[in-house]
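One structure is given here, and the rest of the page talks about it.
The values are calculated or read from the model by the stated rules, or taken from the named source; none is laboratory data. It should be emphasised that the depicted structure is a prediction, and the values quoted were computed from it without experimental measurement. For neighbour counting, all protein chains shown are included, and Cβ atoms are generated from backbone atoms with ideal geometry for every residue, glycine included.
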Amino acid sequence: MFAELEITELDAPFAASITGVRLAGLEDDAAWAAIHAAWAAFPVLSFLNQPLSLDELEAITARFGPFGDDPYIEPVQDHPHVIEIRRDADETAPPFAADSWHSDWSFQDVPPAGTLLHGKVIPPQGGDTLFADATLAFEALCPEDQKELEGLRALHSAVLGYSTKGAFAADRHERSMKILVSEEAEVRHAHPMVRVHPVTGRKSLYISPVYTVGIEGMDDADAAEILGPLYLHMLKPEFQYRHKWQKDMLLLWDNRRVLHAATGGYDGHARLLHRTTIAGEPVIAA
Ligand code: SIN
């Protein structure tokens, strides 16, 4: 029988750490229900001391739903749903997704609900992951601004990163991660700028500097006038959380509510994490 989960709030009201449970092989439905409830309350959840094989990581991911579709990064051999977030000790390429705030694959028609990231090799310093709560940011806006944004749809695409003209195509550094650029990345999908969480009913801003390329029906200059100040608002320190990694830590985050960005600061040290995504549902407009 499963013992009570211990849930400890971290340095932000939207992040928590769970102890008292071993996830690999966990079959107790009550424990999984408690973990799901914790995830609804804390969209960034970390689980300490979880040594996992790739099969176990996949089995844990399946507890949250079907796998998401992960384009543009070559998956681990024989594990088509797992990608490596990897940087070798002698690598000079900028860390993957460093300083690049985004919600995973928001350019997809149906973007992933969540992401799991498991620490295998963690550098002695640096390599933290930053999170920003887009629900708290939305709720802090005045009612007039909230109403105006609820009427807008943002255009999302992977063009800046993964197209044949994007940052990865232009990057001449040797990279241990195999990034697969494609013309497909130019495709745009419109999503409501304010989305409703399907579990909690709370509203979030759903835009990011990496994948939002405009606002439907607006020219680029007008869209930039709205998006620029909104990014500054969303990324204020009071909406942020800095996650520090440990080996065998599993992190689960909700792409419907938070943005994230990687950081550097570990040149000369290797960093390796395994990542899966959980399929989402069509974005619900406010
Ligand atoms: C990611 O964007 O999934 C990578 C985060 C990280 O490497 O810290």
Next on the checklist: Cβ-Cβ distance below 6 Å, separation of 6 or more or different chains: which pairs start in the stretch 166-183 with a residue that is at positive phi and part of a helix (DSSP H, G or I) and end on one that is modelled with pLDDT of 95 or more and aromatic (Phe, Trp, Tyr)?
Outcome noted: none
Next on the checklist: Filter the stretch 193-240 down to the residues that are charged (D, E, K, R), surrounded by fewer than 22 Cβ atoms within 10 Å (Cβ to Cβ) and touching a Ser or Thr at 6+ places or on another chain (Cβ under 8 Å) and list them by number.
Outcome noted: Arg202
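Let's see how each residue does on (1) among the hydrophobic types (A, V, I, L, M, F, W, C); (2) in contact with a Gly (Cβ under 7 Å, 6 or more places away or on another chain); (3) farther than 25 Å from Glu148 by Cβ:
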position	(1), (2), (3)
Leu227	yes, no, no
Leu235	yes, no, no
Tyr241	no, no, yes
Trp245	yes, yes, yes
Leu259	yes, no, no
Item to check | Answer from Thr8, Thr61, Thr19, Thr92 - the residue that is farther than 20 Å from Thr276 by Cα and touching a Ser or Thr at 6+ places or on another chain (Cβ under 6 Å) | outcome: Thr8
Checklist outcome for this item: Across the stretch 99-129, the tally of residues that are within 8 Å of the ligand (Cβ to nearest atom) and not in a loop (DSSP other than H, G, I, E, B) stands at 4
Item to check | Residues within the stretch 21-57 that are hydroxyl-bearing (Ser, Thr, Tyr) and either farther than 21 Å from Val258 by Cα or assigned to a helix (DSSP H, G or I) (or both), tallied | outcome: 1
Next on the checklist: Quick test for you: out of Asp104, Asp99, pick the one residue that is charged (D, E, K, R) and in contact with an Asp or Glu (Cβ under 9 Å, 6 or more places away or on another chain).
Outcome noted: Asp104
Next on the checklist: Please verify whether Leu273 is touching an Asp or Glu at 6+ places or on another chain (Cβ under 8 Å), closer than 21 Å to Phe64 by Cα and either surrounded by fewer than 17 Cβ atoms within 10 Å (Cβ to Cβ) or modelled with pLDDT of 95 or more (or both), treating the condition exactly as stated.
Outcome noted: yes
Checklist outcome for this item: Residue pairs within 7 Å by beta carbon, gap of at least six or interchain, first lying in the stretch 84-96 and farther than 10 Å from Val121 by Cβ, second hydroxyl-bearing (Ser, Thr, Tyr) and in a loop (DSSP other than H, G, I, E, B), listed first then second, are Glu91/Ser176
Checklist outcome for this item: Reported set for the stretch 68-98 where residues are within 11 Å of the ligand (Cβ to nearest atom) and outside any loop (DSSP other than H, G, I, E, B) is Ile73, Ile83, Glu84, Ile85, Arg86, Arg87, Ala98
Checklist entry - Among Glu281, Glu225, Glu216, Glu238, which is under 27 Å from His81 (Cβ atoms) and at pLDDT 95 or above? => result Glu281
